[in-house]
Each structure stands twice: as C-alpha cells, then as structure tokens.
Amino acid sequence: MSTLAMTLYTLMWPLIVLAVMAVIGYAFFADWKKARETGQDII
C-alpha cells in the first residue's frame with residue numbers, strides 16, 4: 001500500500017468520528033430545545 005493511501009486511510013477515521021459526533025450533538029441540542037419549550041425533562 002502506498003504512503004499516500006495509508007495516510008488518507010488513517011486520516012479518514014477522525015473525520016468519520018467528527019461527523020458522527022456532530023450528528024449526535026445536533027440531535028441532543030434539538031431535543032434539549034424542544035424539552036425546554038414544552039417544559040419537560042430530557043430524562
């Protein structure tokens with residue numbers, strides 16, 4: 001495997017983790033906002 005391919009493969013995983021964390025964070029804050037508006041607890 002070439003050095004470039006190995007580098008891109010290695011750098012791909014932090015980007016995937018960042019995307020997953022962004023989706024989870026967005027969903028959490030959307031739920032939090034909705035709970036605050038309706039006066040409900042998140043848990």
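Annotations for the structure displayed:
- Any hit, the range 3-17, residues being hydroxyl-bearing (S, T, Y) and at pLDDT 95 or above: no
- For the chain, the set of residues classified as surrounded by 10 or more Cβ atoms within 10 Å (Cβ to Cβ) and touching an Asp or Glu at 6+ places or on another chain (Cβ under 7 Å) consists of A35 only.
The values are calculated or read from the model by the stated rules, or taken from the named source; none is laboratory data. Keep in mind the model is a prediction, meaning the values are calculated, not measured. We place every Cβ from the backbone using ideal geometry, glycine too, and count neighbours over all the protein chains shown.
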